[in-house]
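The values are calculated or read from the model by the stated rules, or taken from the named source; none is laboratory data. As the structure is a prediction and not an experimental result, all values here were calculated from the model. When we count neighbours, we look across all protein chains shown, and the Cβ atoms used for this are built from the backbone with ideal geometry, even at glycine. Side chains included, ligands, DNA and RNA excluded: accessible areas come from the protein's heavy atoms. Shrake-Rupley method; radii C 1.70, N 1.55, O 1.52, S 1.80 Å.
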Amino acid sequence: MLSFFSNQIDRQHTVSKEEKTLDDLERSEGSHFPGDDYRPSDRKNWMADLSVEKLTLNKIVWPGTHDSATNEIGIPLISRPLAECQTLSIYDQLVLGTRVLDVRVQEDREICHGILTSYNVDVVIDDVIRFLSETHSEIVILEIRTEYGHKDPPEFETYLADKLGQFLIKQDDNLFHKPVSEILPKRVICIWKPRESPKPSRGGLLWNSDYLKDNWIDTDLPWTKFQSNLKHLSEQAPISSRKFFYRVENTVTPQADNPVVWVKPVTDRIRKHARLFISQCVSKGCGDKLQILSTDLIDGDFVDACVGLTHARIEGKV
């Protein structure tokens, strides 16, 4: 028993030390980067505001959400805090400026995070379609995957094609260098990641897992995650030569061996340092490699930071 409590004290000390390291880095080096003072006039239509003729897919810093459809997961005040990575609906996230969604499903098409569930995936699709109907130039990356430990929903690829067909951007390696104006009126890059079913074929309506990559590490230590994100990003090719989307997740994850297991207090250890991360990317020569940046509990400042760096790229400042 004494050993258990000693280990917990040591763990909390490590967490505090890593939080302090990030705070000290921000104080000493700041969080400035080209475009950091830019604020979109309308987050709902920020791509349109940046000029769809100049905005190519590979210049966009895509603001994304991690475990996007968890706003109604589990039981309020009981299991929900253990798995709620977003408090906003999919529609509200898109209006706020989110452009990459991370959606997990199980066999019955219910949204899930581990063993906890929220609502049917129809809610997600309907929210996406509602947003698309209210805008004209915003492109959304919709990643849907079968959650770990679950089975694929039957005939799910057909379901997605039927529901989103009129909006779907066909898989095409040449798209990355095209301006948004040449891709419209198609609006959705849908990446389907089954666990056992065949993955979507190249050139089809749906994109497969080869086109969205990341280097996830499962930790609740913010400086450890921050350094890992920078390291793996530095190893990627520049976006000018990349034929896939690469995601960095500015998140940390509750661990079973730590007494703090609610998502919000854990992820807040790193969430506030999104601008610092972008600043470090630029200062360390990775500014031309950052593409998708995702977060838990997305807010307007996170969106503004991503859009600001996108604007700087269009203006040739980075």
Q) Considering segment 149-162 alone, what residues qualify as being open to solvent by 30 Å² or more (accessible area, probe 1.4 Å) and touching a residue at least 40 places away in the same chain (Cβ under 8 Å)? A) HIS150, LYS151, PRO154, GLU157
Q.
Could you tell me how many of the residues in segment 164-176 are surrounded by 15 or more Cβ atoms within 10 Å (Cβ to Cβ) and either of a type in the set (A, V, I, L, M) or touching a residue at least 40 places away in the same chain (Cβ under 8 Å) (or both)?
A. 6
Q: Report whether or not THR98 is under 21 Å from LEU309 (Cβ atoms) and in contact (Cβ under 8 Å) with a residue 24 or more places away in the chain.
A: yes
**Q.** Within segment 191-203, tally of residues that are open to solvent by less than 10 Å² (accessible area, probe 1.4 Å) and either more than 18 Å from TYR246 (Cβ to Cβ) or over 21 Å from the mean Cα position of the chain (by Cα) (or both)
**A.** 2
Q | Output for segment 49-71, where each listed residue is more than 16 Å from VAL263 (Cβ to Cβ) and assigned to a loop (DSSP other than H, G, I, E, B) | A | LEU50, SER51, VAL52, GLU53, LYS54, LEU55, ILE60, VAL61
Q. In segment 288-318, what residues are of a type in the set (Gly, Ala, Ser), modelled with pLDDT of 95 or more and surrounded by fewer than 23 Cβ atoms within 10 Å (Cβ to Cβ)?
A. GLY300, GLY308, ALA312
(Q) When you scan segment 106-121, do you find a residue that is closer than 18 Å to GLY165 by Cα and open to solvent by 30 Å² or more (accessible area, probe 1.4 Å), even just one? (A) no
Q. Quick check, is ALA48 open to solvent by less than 50 Å² (accessible area, probe 1.4 Å) and farther than 21 Å from GLU315 by Cα?
A. no
(Q) Suppose we filter THR87, THR70 for residues that are among the hydroxyl-bearing types (Ser, Thr, Tyr), more than 22 Å from PHE226 (Cα to Cα) and open to solvent by 30 Å² or more (accessible area, probe 1.4 Å); which single one remains? (A) THR87
(Q) Need pairs with beta-carbon distance below 9 Å; first residue in a loop (DSSP other than H, G, I, E, B) and within segment 188-217, second of a type in the set (Phe, Trp, Tyr) and open to solvent by less than 70 Å² (accessible area, probe 1.4 Å); sequence gap 6+ or separate chains. (A) PRO194/PHE156; SER197/PHE156; LYS199/TRP192; PRO200/TRP192; PRO200/TRP207; LEU206/TRP192; ASN208/TRP192; ASN215/TYR246
(Q) Give me the residue from segment 124-146 that is within 14 Å of ILE183 (Cα to Cα) and touching a helix residue (DSSP H, G or I) at 6+ places or on another chain (Cβ under 9 Å) and, out of that set, most open to solvent (accessible area, probe 1.4 Å). (A) HIS136
Q: Pick out the one residue from LEU221, LEU206 that is within 30 Å of ASN7 (Cβ to Cβ) and surrounded by 15 or more Cβ atoms within 10 Å (Cβ to Cβ).
A: LEU221
